[in-house]
Amino acid sequence: MESWKNDRIGSCERGENPTLMVKMKSGFAVIGDNQFLPGYCVLLGYPKASSLNELSIEARKQYLIDMTLIGDAIIQVCKPLRINYSTLMNLDHYLHTHIEARYDWEPDEYKNRPSYFYPKEQRYTEQYEYNEHNYGDLKQKIAETLKELIKENY
């Protein structure tokens with residue numbers, strides 16, 4: 001595993017995380033490691049907290065606003081059917097939210113269920129792993145759109 005993945009937030013701070021799009025008031029917006037559902041992003045809370053409940057009410061509001069601004073950027077760029085937000089923290093014990101685009105072209109058996117119901121071997125193939133060559137343009141478009149939304153809303 002690439003070393004930046006061992007400290008995703010620290011690697012954003014140091015400018016070493018290749019998935020980093022934008023530093024926001026409540027954290028770092030990154031494009032997801034896997035682009036099985038195009039536009040998948042994550043908001044990494046910063047400063048690091050172990051849950052949303054640890055934050056002050058004002059910090060919670062900002063985090064939720066930033067989360068939905070990322071969703072707005074994905075909507076503008078990818079034109080999905082809807083956006084799903086998941087703040088789980090079961091595996092990585094720090095505040096982060098998965099922001100996933102869901103599409104009309106998805107098979108009916110998966111379209112209305114959480115994305116983790118897709119078979120792992122379908123979701124995690126090499127073709128969907130984030131890299132600049134295949135997904136750099138998508139990352140740039142989402143980042144540029146997000147920066148505009150930040151200017152309009154901050």
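A few points about this structure:
- Qualifying residue in segment 73-86 (condition: of a type in the set (Val, Ile, Thr) and touching a residue at least 60 places away in the same chain (Cβ under 8 Å)): yes
- Filter pass, Tyr116 being of a type in the set (Ser, Thr, Tyr), open to solvent by 60 Å² or more (accessible area, probe 1.4 Å), part of a helix (DSSP H, G or I) and free of Cβ contacts under 8 Å to residues at least 12 places away in the same chain: yes
- The one condition in (1) acidic (Asp, Glu); (2) over 24 Å from Gly136 (Cα atoms); (3) surrounded by 14 or more Cβ atoms within 10 Å (Cβ to Cβ) that Asp72 fails to fulfil: (2)
- Members of segment 87-113 found to be in contact (Cβ under 8 Å) with a residue 40 or more places away in the chain and hydrophobic (A, V, I, L, M, F, W, C), listed by number: Leu95, Ile99, Ala101
- Filter result for Tyr94 (at pLDDT below 95, surrounded by fewer than 18 Cβ atoms within 10 Å (Cβ to Cβ) and under 16 Å from Phe28 (Cα atoms)): yes
- Whichever residue in segment 11-47 is among the hydrophobic types (A, V, I, L, M, F, W, C) and free of Cβ contacts under 8 Å to residues at least 40 places away in the same chain and, among such residues, is most open to solvent (accessible area, probe 1.4 Å): Leu20
- Verdict on Tyr103 being farther than 19 Å from Leu44 by Cβ, aromatic (Phe, Trp, Tyr), modelled with pLDDT of 95 or more and surrounded by 12 or more Cβ atoms within 10 Å (Cβ to Cβ): yes
- Output for segment 128-154, where each listed residue is free of Cβ contacts under 8 Å to residues at least 60 places away in the same chain and either surrounded by 10 or more Cβ atoms within 10 Å (Cβ to Cβ) or not in a helix (DSSP H, G or I) (or both): Asn131, Gly136, Asp137, Gln140, Glu144, Glu148
- Residue selected from segment 75-91 under the condition among the aliphatic types (A, V, I, L, M) and at pLDDT below 95, by the criterion least open to solvent (accessible area, probe 1.4 Å): Met89
- Against the numbered list (1) of a type in the set (Ser, Thr, Tyr); (2) open to solvent by less than 50 Å² (accessible area, probe 1.4 Å); (3) within 15 Å of the chain's Cα centre (by Cα), Thr125 comes up short only at (3).
The values are calculated or read from the model by the stated rules, or taken from the named source; none is laboratory data. Remember, predicted model here, so these are calculated numbers, not experimental data. Heads up, the Cβs are rebuilt from the backbone with ideal geometry, glycines too, and the neighbour counts pull from every protein chain shown. Heavy atoms of the whole protein, side chains included, go into the accessibility calculation; ligands, DNA and RNA do not. Shrake-Rupley method; radii C 1.70, N 1.55, O 1.52, S 1.80 Å.
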